[in-house]
Amino acid sequence: MAEPEEEEKEQDIDVWVQLQAWAETRRKQIGMGAGIALVVGFILYTNSYMQAAKHAEAEAALFGLEKPAARGQAPASVKASEYLTVVDKFAGTPAAERALLLAAGALYEENKYPEAEKRFSQFLAEFPASTHAARARLGIAASKDAQNKYAEAIAAYEALGTSAAGSSEANQAKLAVALLYERDGKADQALRVYDELNRQNPPTVWSREASLRREELLQRNPTLVPAATAAPNAPGPLVRPAHAPGGTNIITFTNQPVTNAAPATNTAPSAKK
């Protein structure tokens with residue numbers, strides 16, 4: 001029979017062995033955890049580095065499409081297919097997002113209206129929260145307008161005028177709707193839209209254009225009684241936009257800057273020659 005002192009010593013040894021085993025297990029676990037953390041960190045760093053490199057390459061590719069102008073000449077336009085190359089090669093980058101919108105605008109300027117509508121719709125589907133969503137909606141409406149889809153165009157223009165009220169895109173949409181009303185012989189409805197634009201304060205290029213067209217409308221329709229509105233804004237010097245083939249729209253997308261910053265409102269696009 002073991003003495004009490006010997007039993008206590010045996011118990012102490014057992015506890016010490018258990019502590020050693022526990023410490024060894026923890027050491028291995030900690031070592032494995034640290035190793036996993038290092039691997040994960042390396043992967044994240046590598047992905048971040050590769051993503052940054054891809055973004056930089058995409059920005060350079062998009063910037064490289066801009067063709068310098070010869071002395072005394074306007075810059076050469078970039079083809080839609082060139083923008084779409086950036087979209088396909090650098091999908092998921094901010095540059096690809098901008099390139100898609102620029103491609104849609106280029107297709108519109110190339111009079112390829114069905115393709116333009118498709119790309120504007122693609123942009124809106126892929127980037128619904130983009131700061132350029134209103135511009136894409138304007139592109140969809142203008143493309144429908146240019147395809148003589150007047151009922152659909154009016155609905156799209158009016159929806160944009162409500163959803164993006166006060167923006168340059170909304171003002172262009174309202175002016176385009178008024179022109180369609182004139183085309184359909186609805187002079188009273190066209191006058192209502194012109195008056196609405198004309199009441200903007202401070203005046204914009206679109207309110208001045210509306211004022212000019214309002215006066216022309218009243219001259220052509222002397223029996224038309226204008227609603228009681230504030231005095232029209234005096235029209236300033238304007239470059240009158242040409243109507244697109246097949247429609248009455250005045251929208252143009254050439255040389256409109258596209259950035260990932262919030263676009264300024266009430267700025268006029270370049271006139272389509």
**Fill in**
Checking Arg214, Arg183 in turn, the sole residue that is open to solvent by 40 Å² or more (accessible area, probe 1.4 Å) and either over 21 Å from Gln122 (Cα atoms) or within 20 Å of the chain's Cα centre (by Cα) (or both) turns out to be Arg183
**Message:** Could you check region 186-206 and list, in sequence order, the residues that are closer than 17 Å to Leu224 by Cα and surrounded by fewer than 21 Cβ atoms within 10 Å (Cβ to Cβ)?
**Reply:** Lys186, Ala187, Asp188, Gln189, Arg192, Asp195, Glu196
**Request:** Working only within region 101-157, note down all residues that are of a type in the set (Val, Ile, Thr), at pLDDT below 95 and in a helix (DSSP H, G or I).
**Result:** Ile154
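Let's see how each residue does on (1) under 13 Å from the mean Cα position of the chain (by Cα); (2) of a type in the set (S, T, N, Q); (3) closer than 18 Å to Tyr83 by Cα:
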residue: Glu115; (1), (2), (3): no, no, yes
residue: Ala136; (1), (2), (3): yes, no, yes
residue: Asp145; (1), (2), (3): no, no, no
residue: Lys149; (1), (2), (3): no, no, no
residue: Ala153; (1), (2), (3): no, no, no
residue: Leu160; (1), (2), (3): no, no, no
residue: Ala165; (1), (2), (3): no, no, no
**Fill in**
Within region 76-96, the residues that are over 15 Å from Glu66 (Cβ atoms), assigned to a loop (DSSP other than H, G, I, E, B) and either hydroxyl-bearing (Ser, Thr, Tyr) or open to solvent by 20 Å² or more (accessible area, probe 1.4 Å) (or both) are Ala91, Gly92, Thr93
**Prompt:** Going by the conditions given, is Asn148 farther than 26 Å from Leu197 by Cα and surrounded by fewer than 17 Cβ atoms within 10 Å (Cβ to Cβ)?
**Reply:** no
**Request:** For Tyr49, indicate whether it is modelled with pLDDT under 90 and of a type in the set (Ser, Thr, Tyr).
**Result:** yes
**Prompt:** Can you pull out the residues in region 120-169 that are charged (D, E, K, R), without any contact (Cβ under 8 Å) to a residue 60 or more places away in the chain and touching an Asp or Glu at 6+ places or on another chain (Cβ under 6 Å)?
**Reply:** Lys144
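The values are calculated or read from the model by the stated rules, or taken from the named source; none is laboratory data. From a predicted model like this one, the values you see are computed outputs, not experimental measurements. Using ideal geometry, Cβ is built from the backbone for each residue, glycine included, and neighbour counts are taken over all protein chains shown. Just so you know, the surface numbers come from the protein's heavy atoms only, side chains and all, with ligands and any DNA or RNA stripped out. Shrake-Rupley method; radii C 1.70, N 1.55, O 1.52, S 1.80 Å.
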